[in-house]
């Protein structure tokens with residue numbers, strides 16, 4: 001197991017380094033994106049326009065050999081615009097289902113909170129089960145299926161808050177934030193990121209990604225580590241006046257993300273530091289709720305300071 005993990009770490013390091021050449025000064029955020037993919041989870045990015053969200057997704061898709069699609073969410077978007085439509089074929093005299101943009105390995109749901117709640121809810125089954133239903137038929141989505149959604153800060157015009165049921169289906173969330181002044185100057189001096197992406201090539205295949213997702217499942221977690229994760233959930237429930245009570249799904253997300261973080265570091269076992277590394281990103285959107293990811297990060301860090309690692 002250890003030798004396999006070390007080999008895979010090299011492959012993922014290449015992806016991380018190549019992405020860092022396009023998206024400067026964001027290594028931790030890029031690593032969290034890879035954690036989400038390895039954990040079979042989905043990612044929510046909250047930020048203002050123009051900080052590189054779309055560029056990040058397109059870069060990862062190219063490096064990982066994934067079929068990708070982009071959905072621009074607007075207030076008039078319908079569920080069928082995402083899932084697909086059944087249309088009558090007069091020549092064959094039968095109805096045929098035409099797949100929507102959700103049928104891809106990596107889907108960018110851009111400005112998700114600009115869509116109305118009905119359209120937002122069309123993603124719930126896809127995110128939870130990897131399949132969609134239309135006209136009483138259930139269809140599987142490609143494997144792997146990975147959704148990266150962006151949302152605008154809630155104070156911006158024309159946004160609908162994502163409900164807790166939607167937020168809880170994202171494994172991780174993050175803010176890209178503005179690049180540092182030094183990184184911004186490198187961007188201004190350098191080539192357009194889109195031109196840089198044209199020179200990228202696939203470093204992995206979807207078959208390799210599936211195999212390595214299975215490897216992550218086998219990363220060892222001790223009873224003490226599981227107790228630590230449980231204590232985090234219990235602490236949020238004890239102080240429900242300060243925090244949103246965290247669900248069992250949150251505990252599963254913490255476990256899966258910690259395993260993926262350990263895997264990327266070349267280990268076949270989890271440490272408490274792995275949980276601490278991923279916990280803010282796992283908890284932020286759940287604790288922030290309608291107040292947003294940035295507020296959730298503050299609450300997550302405050303919660304984690306009150307939870308000690310069992311000994």
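The values are calculated or read from the model by the stated rules, or taken from the named source; none is laboratory data. Computed from a predicted structure; not experimentally measured. Here the Cβ positions follow ideal geometry from the backbone for every residue, glycine too, while neighbour counts run over all protein chains shown.
Looking only at residues that are in a helix (DSSP H, G or I) and over 24 Å from the mean Cα position of the chain (by Cα) in segment 186-195, which one is surrounded by the most Cβ atoms within 10 Å (Cβ to Cβ)?
187
Hey, any hits in segment 17-30 for a residue that's closer than 30 Å to residue 217 by Cβ, under 13 Å from the mean Cα position of the chain (by Cα) and touching a residue at least 40 places away in the same chain (Cβ under 8 Å)?
yes
Give the residue that is nearest to residue 292 (Cα to Cα), with candidates limited to residues of segment 64-74 that are touching a helix residue (DSSP H, G or I) at 6+ places or on another chain (Cβ under 7 Å) and surrounded by fewer than 21 Cβ atoms within 10 Å (Cβ to Cβ). Break it down stepwise before answering.
Taking segment 64-74 first, the residues touching a helix residue (DSSP H, G or I) at 6+ places or on another chain (Cβ under 7 Å) are 64-66, 68, 71, 73-74.
Right, trim to surrounded by fewer than 21 Cβ atoms within 10 Å (Cβ to Cβ) and you get 65, 68, 74.
Details: 65: 32, 68: 27, 74: 19 Å.
In this case the residue turns out to be 74.
Let's see how each residue does on (1) surrounded by fewer than 22 Cβ atoms within 10 Å (Cβ to Cβ); (2) farther than 18 Å from residue 268 by Cβ; (3) modelled with pLDDT under 85:
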| position | (1), (2), (3) |
| --- | --- |
| 4 | yes, no, yes |
| 9 | yes, no, yes |
| 21 | yes, yes, yes |
| 25 | yes, yes, yes |
| 33 | no, yes, no |
| 37 | no, yes, no |
| 40 | yes, yes, no |
| 51 | yes, yes, yes |
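Would you mention how many residues in segment 240-276 are free of Cβ contacts under 8 Å to residues at least 24 places away in the same chain and either assigned to a loop (DSSP other than H, G, I, E, B) or in contact with a strand residue (DSSP E or B) (Cβ under 9 Å, 6 or more places away or on another chain) (or both)? Talk me through it step by step, then tell me what you get.
First, pick out the residues of segment 240-276 that are free of Cβ contacts under 8 Å to residues at least 24 places away in the same chain: 240-241, 245, 248, 251-252, 273-274.
Still in the running and either assigned to a loop (DSSP other than H, G, I, E, B) or in contact with a strand residue (DSSP E or B) (Cβ under 9 Å, 6 or more places away or on another chain) (or both): 240-241, 245.
Number satisfying all stated conditions: 3.
In segment 163-185, is there at least one residue being under 23 Å from residue 81 (Cβ atoms) and surrounded by fewer than 14 Cβ atoms within 10 Å (Cβ to Cβ)?
yes
For segment 124-154, give me the residue count where each residue is under 29 Å from residue 208 (Cβ atoms) and touching a strand residue (DSSP E or B) at 6+ places or on another chain (Cβ under 7 Å).
Looking only at that region, the number is 15.
Any residue at all in segment 218-225 that is exposed (fewer than 15 other Cβ atoms within 10 Å of the Cβ), in a loop (DSSP other than H, G, I, E, B) and modelled with pLDDT of 90 or more? Even if it seems obvious, please write down each step before you answer.
Looking only at segment 218-225, we keep the residues that are exposed (fewer than 15 other Cβ atoms within 10 Å of the Cβ), and these are 218, 220, 222-224.
Now restrict to residues that are in a loop (DSSP other than H, G, I, E, B): 218, 222.
Now drop any that are not modelled with pLDDT of 90 or more, which leaves 218, 222.
Within segment 218-225 (the criterion being exposed (fewer than 15 other Cβ atoms within 10 Å of the Cβ), in a loop (DSSP other than H, G, I, E, B) and modelled with pLDDT of 90 or more), the answer is yes, since at least one residue qualifies.
Could we say that residue 246 is at pLDDT 95 or above and under 20 Å from residue 309 (Cα atoms) here?
No.
All but one of (1) within 19 Å of residue 66 (Cα to Cα); (2) under 23 Å from the mean Cα position of the chain (by Cα); (3) at pLDDT below 75 hold for residue 198; which doesn't?
Status for residue 198: all satisfied but (2).
Report yes if some residue within segment 75-93 is on the phi < 0 side of the Ramachandran plot, surrounded by 16 or more Cβ atoms within 10 Å (Cβ to Cβ), without any contact (Cβ under 8 Å) to a residue 40 or more places away in the chain and touching a helix residue (DSSP H, G or I) at 6+ places or on another chain (Cβ under 6 Å); otherwise report no.
No; the residues of segment 75-93 include none that is on the phi < 0 side of the Ramachandran plot, surrounded by 16 or more Cβ atoms within 10 Å (Cβ to Cβ), without any contact (Cβ under 8 Å) to a residue 40 or more places away in the chain and touching a helix residue (DSSP H, G or I) at 6+ places or on another chain (Cβ under 6 Å).
Enumerate the strands (runs of 3 or more DSSP E) found wholly within segment 77-183, keeping only those where 2 or more residues are more than 14 Å from the chain's Cα centre (by Cα) and at pLDDT below 90.
In segment 77-183, the matching strands (runs of 3 or more DSSP E) lie at 84-89, 94-99, 131-134, 137-140.
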